[in-house]
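Chemist: Pasting in a structure now, in structure tokens, and then I'll have a few things to ask.
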Amino acid sequence: MKVVLENLTKIFPSRNKKSNEEVVAVNDFTFTIPDGKLIGLLGPSGCGKSTTLYMICGLQKATSGKIYFGDDDVTDLSPENRGVGLVFQNYALYPHMTVKQNIIFPLQNLKGADKLSKEVMLERAYNAAKLVQIDNLMDRKPSELSGGQQQRVAIARALVKMPRVLLLDEPLSNLDARLRLQTREEIRRIQRETKITTVFVTHDQEEAMSISDMIVVMKQGVIQQIGAPQDVYDSPKNLFVAKFLGTPPINVFKGEVRDGKLYIGDDAVLDVPDVQNGEVHVGIRPEGFVPDDNGPFCCMLKSVEVMGRDVSIISTNDASANPLVRSIVNAEHKVDMTARTVRFTLKRNKVFIFEKESEERIFFEV
Ligand code: ADP
Ligand code: MG
């Protein structure tokens, strides 16, 4: 099922009666979610991810804009009639019910023509449970399950209705690191098997990057960039997106373009003949540094950490926006740890320039 969001906007009225400061939680959100894909909706806390999700499922009414499932306009449809499955961060299982009863619960509420026989309900519940691999736990109570298992029950409960769209709101946030990794692989597998159009909300860029067919990066209610995770990482449209994606994060410097050269401090680090003069922000991915005794970019060496295949060089630079500059280089590069400075050549395709005021990307020939 393709999902179309058209100029979707949500404005919350002011909570404080004296002020008129309303909150524009989602601002003119337009995006088509292709059928059968997993979309990662990504952004910092408070940027409007949950609100977007709740408008898709109908728990929040859009202030303006339209929502279509396929060709159906569902904008004014109630949540029950949209055919969505929703999973929250806190699994919200009924503690007094068994796993089986929890999964069957949404089916028991079906009325009229949709009403199902007991046998069909059970069969569906077992199918959903098998999909998330908890069919051996059906008679347990939620308190007898681990966090990861509880979240699987919540996912099974969302799947049992055979939803047209599956919506997951930070579903892994309550799990410990190992389970988080395992469960996100599970969600990817389940999504591939069921081919249900899925929106996965998270503030964790690594999580979104690892499982999404496409990511949508949001900031303050506004879409910043949409694309395949690798494409967005390789070609961020603005400084916000560049900083939001990547571990370790991108290194940002104050820079200036003069006569076709990009300067960081006094170092002319890159030739950019097609860029106009002016002050800029320079973003350099950690993997964009190549140690080179004759390289143009000089930093003060702080430490070198060897991590198997890679070496992480920690340095400082007066123009750096962060206290430390982190670069990751191949272990074959020998770095003199006793030296005071380290020099680099930069990989052109790992260096991004952004306009000083707007922070929009300035493109140059790579
Ligand atoms: P996210 O899920 O990305 O953390 P939300 O969608 O929950 O962000 O919130 C977006 C913005 O809308 C925030 O500024 C939040 O405070 C505000 N907001 C969310 N829900 C409400 C509400 N029911 N009433 C008023 N403001 C709200
Ligand atoms: Mg949220």
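The values are calculated or read from the model by the stated rules, or taken from the named source; none is laboratory data. A quick note: this is a predicted structure, and the numbers were derived from the prediction, not measured. Cβ atoms come from the backbone with ideal geometry, glycine included; neighbour counts cover every protein chain shown. What goes into the accessible areas is simple: the full protein's heavy atoms, side chains included, and nothing from ligands, DNA or RNA. Shrake-Rupley method; radii C 1.70, N 1.55, O 1.52, S 1.80 Å.
Chemist: For D176 and T30, calculate 0.36 nm times their separation in residues minus their Cα-Cα distance, and state this gained length in nm to one decimal.
Modeler: 49.1 nm
Chemist: In percent, what relative contact order does the chain have, based on Cα pairs under 8 Å that are 6 or more apart in sequence?
Modeler: Averaging sequence separation for qualifying contacts and normalising by length gives 15 percent for the chain.
Chemist: Which three extents, in angstrom, do the Cα atoms of region 84-148 have along their principal axes, listed largest first?
Modeler: Cα extents, longest axis first: 37, 23, 22 Å.
Chemist: Roughly what % of DSSP beta bridges within region 150-247 run antiparallel, to the nearest 5?
Modeler: Here the share of antiparallel DSSP bridges comes out near 50 percent.
Chemist: What do you get for Rg/Rh of region 262-326 when both radii come from the Cα atoms and Rh is the Kirkwood radius?
Modeler: 0.98
Chemist: Averaging over every viewing direction, what projected area does the convex hull of the Cα atoms of the chain cover, in nm²?
Modeler: Orientation-averaged projected area of the Cα hull: 23.4 nm².
Chemist: Another question, then. Counting alpha carbon pairs within less than 8 Å and at least 6 residues apart, what relative contact order, in whole percent, applies to region 79-233?
Modeler: Rounded, it is 26 percent for region 79-233.
Chemist: Rounded to the nearest 10 Å², what accessible area does I196 have for a 1.4 Å probe in the complete protein model?
Modeler: 20
Chemist: Also, I was wondering about something else. Identify the residues of region 37-73 with backbone N under 17 Å of a label point that sits 7 angstrom from the Cα of F12 along the Cα-to-Cβ direction, or state none.
Modeler: Under 17 Å, as judged by backbone N against the label point of F12, lie 43-64 of region 37-73.
Chemist: Points 7 angstrom from Cα along the Cβ direction at R140 and D259: gap in nanometres?
Modeler: 7.1
Chemist: Could you give log10 I(q)/I(0) at q = 0.14, 0.22, 0.23 Å⁻¹ for region 48-172, computed by the Debye formula over C-alpha point scatterers of equal weight, without solvent?
Modeler: So the normalised log intensities are -0.63, -1.26, -1.32.
Chemist: Ignoring any ligand, DNA or RNA, what whole percent of the accessible area of region 164-210 comes from carbon and sulfur when the probe is 1.4 angstrom?
Modeler: In region 164-210, the share of accessible area belonging to carbon and sulfur is 48 percent.
Chemist: Could you tell me the calculated FRET efficiency between D71 and A228, based on Cβ-Cβ distance and R0 = 25 angstrom, to the nearest 0.05?
Modeler: Once rounded, the FRET efficiency stands at 0.40.
Chemist: Let me ask something else. Mind checking which lysines have their C-alpha under 17 Å from K347, skipping anything on the same chain fewer than 8 residues away?
Modeler: Result set, ordered by chain and number: K261.
Chemist: Please calculate how many Å² of accessible area the chain carries per residue, with a 1.4 Å probe and no DNA, RNA or ligand atoms counted.
Modeler: 50
Chemist: Please work out how much accessible surface D139 shows to a 1.4 Å probe, ignoring ligands, DNA and RNA, in Å² rounded to 10.
Modeler: About 110 Å², rounded to the nearest 10.
Chemist: Moving on. In nm, give the distance between the simple-model label positions of L324 and M97, each being 7 Å from the Cα along the Cα-to-Cβ direction.
Modeler: Rounded to a tenth, the inter-label distance reads 4.9 nm.
Chemist: Pairs on different chains or at least eight residues apart, Cα atoms closer than 18 Å: how many lysine pairs in region 1-129 fit?
Modeler: Pairs that pass both the separation and distance tests number 9.
Chemist: Here's a follow-up. What per residue convex hull volume, in Å³, comes out for region 146-289 when only alpha-carbon positions are used?
Modeler: Convex hull of Cα atoms, per residue: 139 Å³.
Chemist: If you don't mind, another one. Order the following by accessible area, largest value first: T63, T198. Probe radius 1.4 Å; ligands, DNA and RNA are ignored.
Modeler: T63, T198
Chemist: Could you check the spin-label model distance between H333 and L110? Points 7 Å from the Cα along Cα→Cβ, value in nm.
Modeler: According to this spin-label approximation, the distance is 5.9 nm.
Chemist: Using Cα-Cα distances under 8 Å and only pairs 6 or more residues apart, what relative contact order does region 215-332 have, in percent?
Modeler: About 19 percent, as a whole number.
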